[in-house]
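Q: The following block contains the structure, expressed as structure tokens.
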Amino acid sequence: MKKIINTENAPAAIGPYSQAVEVNGMLYISGQVPINPSTGKVEAEDITAQTEQVMRNIDAILTQAGYSFSDVIKSTCLLADMDDFKAMNEVYGRYYKENPPARAAFAVKALPLGVKVEIETIAAK
Ligand SMILES: C=C(N)C(=O)O
């Protein structure tokens with residue numbers, strides 16, 4: 001049975017999706033963009049600050065669902081500009097120091113709200 005995960009410590013959805021859905025010990029977190037949940041706005045400007053906000057949002061959803069970064073098995077990183085790959089990795093890598101999850105990274109034409117980065121996450125117990 002699926003369980004919808006919702007926390008005020010991560011941004012509300014900006015479209016018709018849930019922050020995360022848990023089913024059978026698997027947690028599927030929607031792509032997180034760098035919205036500050038306190039204000040509902042994108043305040044971070046550069047890729048480092050935007051990635052930090054995205055990772056904080058992922059952390060809040062993992063925590064709400066009773067998971068942690070060590071439970072993450074797969075990420076998908078979407079970038080508006082592949083020139084940001086290195087800087088995104090520097091922040092991302094702080095959260096996954098050992099045995100990092102499987103991952104794909106893409107540059108896409110554009111991201112919602114004109115942000116530079118969006119990261120999807122799947123975790124398992
Ligand atoms: C930001 C998103 N995850 C979306 O629009 O689907």
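Q: Give me a count of the residues in the range 71-104 that are within 16 Å of the ligand (Cβ to nearest atom), surrounded by 12 or more Cβ atoms within 10 Å (Cβ to Cβ) and either of a type in the set (S, T, N, Q) or over 22 Å from residue 43 (Cα atoms) (or both). Break it down stepwise before answering.
A: From the range 71-104, those within 16 Å of the ligand (Cβ to nearest atom) are 74-80, 104; that's our starting set.
Next, only the ones that are surrounded by 12 or more Cβ atoms within 10 Å (Cβ to Cβ) stay: 74-80.
Those left that are additionally either of a type in the set (S, T, N, Q) or over 22 Å from residue 43 (Cα atoms) (or both): 74-76.
Selection size over the range 71-104: 3.
Q: Give the range 116-125 a look and list any residue that's surrounded by 13 or more Cβ atoms within 10 Å (Cβ to Cβ) and over 13 Å from the mean Cα position of the chain (by Cα), or say none.
A: 124 - this is the single residue of the range 116-125 that is surrounded by 13 or more Cβ atoms within 10 Å (Cβ to Cβ) and over 13 Å from the mean Cα position of the chain (by Cα).
Q: Related question: From the set of residues in the range 23-45 that are of a type outside the set (S, T, N, Q) and surrounded by 21 or more Cβ atoms within 10 Å (Cβ to Cβ), which is nearest to the ligand (Cβ to nearest atom)?
A: 33
Q: So is residue 24 out of contact with any strand residue (DSSP E or B) (no Cβ under 6 Å at 6 or more places or on another chain) and on the phi > 0 side of the Ramachandran plot or not?
A: It is true that residue 24 is out of contact with any strand residue (DSSP E or B) (no Cβ under 6 Å at 6 or more places or on another chain) and on the phi > 0 side of the Ramachandran plot.
Q: Check the range 1-8 and report whether any residue there is charged (D, E, K, R), away from the ligand (no atom under 16 Å from the Cβ) and touching a strand residue (DSSP E or B) at 6+ places or on another chain (Cβ under 6 Å).
A: Taking every residue of the range 1-8 in turn, at least one turns out to be charged (D, E, K, R), away from the ligand (no atom under 16 Å from the Cβ) and touching a strand residue (DSSP E or B) at 6+ places or on another chain (Cβ under 6 Å).
Q: Taking the criterion of being closer than 19 Å to residue 49 by Cα, in contact with a Pro (Cβ under 7 Å, 6 or more places away or on another chain) and either not in a strand (DSSP E or B) or not aliphatic (A, V, I, L, M) (or both), would at least one residue in the range 99-115 satisfy it?
A: Among the residues of the range 99-115, at least one is closer than 19 Å to residue 49 by Cα, in contact with a Pro (Cβ under 7 Å, 6 or more places away or on another chain) and either not in a strand (DSSP E or B) or not aliphatic (A, V, I, L, M) (or both), which makes the answer yes.
No value in this document is a laboratory result; all are computed from the given coordinates. A quick note: this is a predicted structure, and the numbers were derived from the prediction, not measured. As a convention, Cβ positions derive from the backbone with ideal geometry for all residues, glycine included, and neighbour counts pool all protein chains shown.
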